[in-house]
Amino acid sequence: MEKDTPPVEVKEFIKLADFQVGPDHVTWNRVSLASDQWVCCLHDRLGEDMESAHTKEEGNHREKLQCVTVINLTQPGKFLTYHSVADSAGMNPLKPVIALKAGTKFQVYNISTRELLHQCTMEHEAVYWTWVNSELIAIVSDNALYHWCLEKENSVPEEVFKLDIRMSNCQIVSYKTDASFRWHAMTALNVEENSISGVTQFFCRELCASQCVSAHAVCFAQYTLDDNPYPSTVLCLASRQDCTLNGKIHVLELGPHTPGNYAPTSHSTDITFIEEYNKYDFPVSLQVSECHGLLYILTKYGHLYLCSMSNAACLFSMAISSHVLFSTAFNSASEGVLAINRAGQVLSICANRDSLIRHVRHALHKPKLAEKLDVLLHKNTLIRL
């Protein structure tokens, strides 16, 4: 039986229904997973007052109360629920702090004490916003991206760059930066006649210049490539070409060049989308295990591609969900990924080390690579595939 264990293990971590989050509210704009610490849900809850646990009734009518539920993933049975008039909400990736948006107004609270920590009002309503790290929120208007730094008291959002014209009439779905904030990447989707196209606007702060490329999902990572003594900033991109079955993965080493390292390199590989899946399937998330040197690529319709960070080679692929995936986060405990699907499942996805080694050795017929994996994975050191 052990030999039949797949190279990737998928388990249900929690169900949002167990926290009274109804299926109609398990959507991209209502449920967020900023990190492996918390799930944040904006939803209706029929007639139950979270403070008194009594039901509000008028005759046979049960009032719908909008509320925010925050689930602690480090202690899955622990959660908090509050009444809210916000139209969107998101948890800080590290701290017990929540940001709420209502129209043009943003407020940041401590969820334990309910103390108001920060607030600001935008001139125009945001079309997208997200936590970048524990001290920074990115806010996108219809023509610019702003950073709101919460380290400073009474701070206000400051413009970082203007949106490219190609981002017009698109839905902004993601914003990423590298660790140094030299590189920025904002991704949007556009529904076309036969496909959903992805476009990513890259901005280099040092050069104060933007460029748009076709990409459905991107991420940055700090990774030490083969034979290099020091880590580099690496950009990973994934895309699907129109409505064909062809997709592309790129792993690019970005500048500036680190003294002592070899010249920057780039790798790419083709992936094939499964025909039985919807023709509108496309990559929605990239997550990197820097420790294991693995790139997890997840698609909207629940497919996983596990790739190498060193050469972008696809090591394994499988279906992990029969329901649409819409939110993911890196799982530091397993060096894998947490993902939420439309059924309200929070899934835990991670490489099965022994099975992955067997798969590389016997299915991919790469004994040298399998031997390297055998040594590196079990030492829990960097894997350079």
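The residue list W183, S317, N143 was ranked by how far each Cα lies along the charge dipole of the chain toward its positive end, using unit charges on Cβ atoms, and S317 comes out on top. Partner aspartates and glutamates whose Cα lies under 13 Å from the Cα of K105, excluding those fewer than 8 positions away in the same chain, are identified as D87, E123, E125. Annotation note: chymotrypsin sites (Phe, Trp or Tyr not before Pro) in segment 171-205 located in DSSP loop regions with a Cβ neighbour count of at most 15 within 10 Å are F181. Between the beta carbons of H365 and A343, assuming R0 = 45 Å, the FRET efficiency works out to 0.75 to the nearest 0.05. Simple spin-label estimate for M318 and D226 gives 2.6 nm between the two label positions (7 Å along the Cα-to-Cβ direction from each Cα).
Based on Cα contacts under 8 Å between residues 6+ apart, the chain shows a relative contact order of 13 percent. Helix content alone sets the calculated 222 nm mean residue ellipticity of the chain: runs of n ≥ 4 DSSP H residues at -39500 (n - 2.57) each, divided across all residues, give -1500 deg cm²/dmol. So what does log10 I(q)/I(0) come out to for the chain at q = 0.12, 0.13 Å⁻¹, using the Debye formula with one equal point on every Cα and no solvent? Here the Debye-derived log intensity ratios amount to -0.98, -1.15. The charge dipole of the chain, taken about its Cα centre with unit charges on the Cβ atoms of Lys, Arg (+1), Asp and Glu (-1) only, comes to about 680 debye. For segment 201-291, trypsin sites (Lys or Arg not before Pro) are listed when DSSP marks them as loop and at most 16 other Cβ atoms sit within 10 Å of their Cβ; the list is R205, K279. Our coupling estimate for segment 262-271, obtained by passing each phi through the Karplus curve with A = 6.51, B = -1.76, C = 1.60 and θ = phi - 60°, is 5, 4, x, 10, 9, 9, 8, 8, 8, 10 Hz, Gly and Pro reported as x.
From Cα pairs below 8 angstrom and at least 6 apart in sequence, can you work out the relative contact order of segment 164-319, rounded to a whole percent? The partial results should precede the final answer.
Working: 377 pairs, mean separation 23.3, N = 156.
Once normalised by length, the contact order is 15 percent.
What's the Kirkwood radius of segment 164-319 in Å, using all Cα pairs?
On the way: mean 1/r = 0.0624 Å⁻¹.
Taking the inverse mean of 1/r over all distinct Cα pairs, segment 164-319 comes out at 16.0 Å.
Read the figures in this text as sums done on the coordinates, not as results from a lab. Just so we're clear, the structure is a prediction, and the values are computed from it rather than from any experiment. In this analysis, Cβ positions are derived from the backbone assuming ideal geometry, glycine residues included, and neighbour counts consider all displayed protein chains.
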